[in-house]
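To start, the structure under review is shown below, and the notes come after it.
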Amino acid sequence: MRKIVIAGNWKMNKTVAESVKLAADVVAAAKDIKNVVVAIAPTYLALAKVAEVLKGSNVKLAAQDVHWENQGAFTGKVSADMLKEIGVDFVIIGHSEQRTHFGETDETVNKKVKKVQSLDMTPIICIGETLAERKGGRLEAVLTTQVNGAYAGLSADEALRTVIAYEPVWAIGTGVTASDDEAQQAHAFVRSLLTKLYGDNVAQSISIQYGGSMKPENAAGLLAQRDIDGGLIGGAALKADSFLGIVTPGESIKK
Ligand code: 13P
């Protein structure tokens with residue numbers, strides 16, 4: 001059985017004070033959620049304060065990125081043990097915004113995944129194609145390269161401790177969501193890649209989130225798809241009620 005994992009990626013939004021308030025609102029709204037794993041990812045700056053708000057709640061803490069080195073001359077970066085110290089559970093790795101604007105590659109994704117796992121945090125590995133890649137018939141080639149790159153050198157046990165987020169770049173922040181069918185097809189293909197790498201048992205146990213303009217209006221349809229096991233939510237995660245409007249339909253779905 002796979003867990004439904006729904007995480008709010010707050011991106012570069014909310015001051016520390018606003019983050020604390022939103023985290024408290026999410027904790028209150030999610031208090032009766034039992035079956036869905038709920039996580040929120042504020043900015044680095046707000047992580048420590050938000051960690052205090054989440055203590056004792058059923059909401060997990062996620063970071064938006066990490067560096068793979070332990071420490072040193074890496075201006076602007078944060079290491080995995082710094083995240084671990086304040087109680088981070090999940091780390092988003094390889095987001096398309098990191099790939100597009102900040103030079104993230106499949107190789108750096110792989111290094112970050114290994115580092116995060118070495119400290120018992122769970123990587124949320126983001127993959128997804130651009131519109132040009134999809135239109136050019138390269139969807140499967142892109143996903144294959146990204147999955148193989150991210151999982152290079154990972155054992156089956158390590159693979160079991162990962163989450164994937166399939167986020168078609170053309171659907172991120174655009175209001176254009178992949179249709180239920182488009183998303184399901186891509187998810188099934190990603191799972192087939194995991195089957196090739198690790199066999200069916202492992203592949204069937206890894207949660208694959210959908211991300212890209214997911215909102216309360218389309219969440220139930222997407223989450224009902226056989227291979228869609230949650231969501232990575234941007235804009236709609238910036239208000240507790242719309243975020244919970246995505247989480248709640250997941251409560252009654254079994255994978
Ligand atoms: P939106 O939900 O705003 O499209 O963002 C999705 C995303 O990038 C989550 O990581």
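The values are calculated or read from the model by the stated rules, or taken from the named source; none is laboratory data. Treat the numbers as computed from the prediction; the structure is a model and nothing was measured. Cβ coordinates were reconstructed from backbone atoms using ideal geometry, including for glycine residues, and neighbour counts include every protein chain displayed. Keep in mind that these areas ignore ligands, DNA and RNA; they rest on the heavy atoms of the full protein, side chains included. Shrake-Rupley method; radii C 1.70, N 1.55, O 1.52, S 1.80 Å.
Remarks
- Reachable aspartates and glutamates, given that their alpha-carbon falls under 18 Å from the alpha-carbon of Lys3 and they are not under 8 places away in the same chain: Asp32, Asp89, Asp120, Asp157, Glu158, Asp200, Asp227, Asp229, Glu251
- Applying the Karplus relation 6.51 cos²θ - 1.76 cosθ + 1.60 with θ = phi - 60° to the range 151-160 yields 3J(HN,Hα) values of 9, 4, x, 8, 6, 4, 4, 5, 4, 5 Hz, where x marks Gly and Pro.
- Ranking Ala80, Ser207, Leu223 by Cα position along the charge dipole of the chain, where only Lys, Arg, Asp and Glu carry charges on their C-beta atoms, puts Ala80 farthest toward the positive end.
- Measuring against 28 Å, Cα to Cα, the residue pairs Lys84/Lys239; Lys49/Lys255; Lys111/Lys239 contain Lys49/Lys255; Lys111/Lys239 as the ones spanning a longer distance.
- Ranking of Arg226, Arg99, Arg2 by solvent-accessible surface, largest first: Arg226, Arg99, Arg2 (1.4 Å probe, protein heavy atoms only, all chains present).
- Here the Karplus curve 6.51 cos²θ - 1.76 cosθ + 1.60, taken at θ = phi - 60°, turns the phi angles of the range 163-175 into couplings of 10, 10, 10, 8, 10, x, 4, 5, 9, 7, x, 9, x Hz, with x standing for Gly and Pro.
- Its residue count N fixes a reference of 2.2 N^0.38 Å for the range 138-255, and the Cα radius of gyration divided by that reference is 1.05.
- Placed amide H near Gly8: partners under 5 Å, 5+ positions off or other chain: Ala39, Ile40, Ala41, Ile233
- Pairwise centroid distance, computed over Cα atoms, of the range 76-115 with the range 149-210, Å: 18
- Model label points for Val78 and Leu45, set 7 angstrom from Cα along the Cα-to-Cβ axis, are 1.2 nm apart.
- Cross-link pairs beyond the 28 Å C-alpha cut-off, checked among Lys135/Lys254; Lys77/Lys135; Lys14/Lys55: Lys135/Lys254; Lys77/Lys135
- Once all protein chains are placed together, Phe74 keeps about 80 Å² accessible to a 1.4 angstrom probe.
- Å² per residue, accessible surface of the chain at 1.4 Å: 44
- Angstrom value of the Kirkwood radius, inverse mean 1/r, which spans all Cα pairs in the range 1-129: 15.1
- Accessible area of the chain belonging to carbon and sulfur atoms, whole % at 1.4 Å probe: 54
- Other-chain or far-sequence residues with amide H under 5 Å of Thr130's (modelled H): Val169
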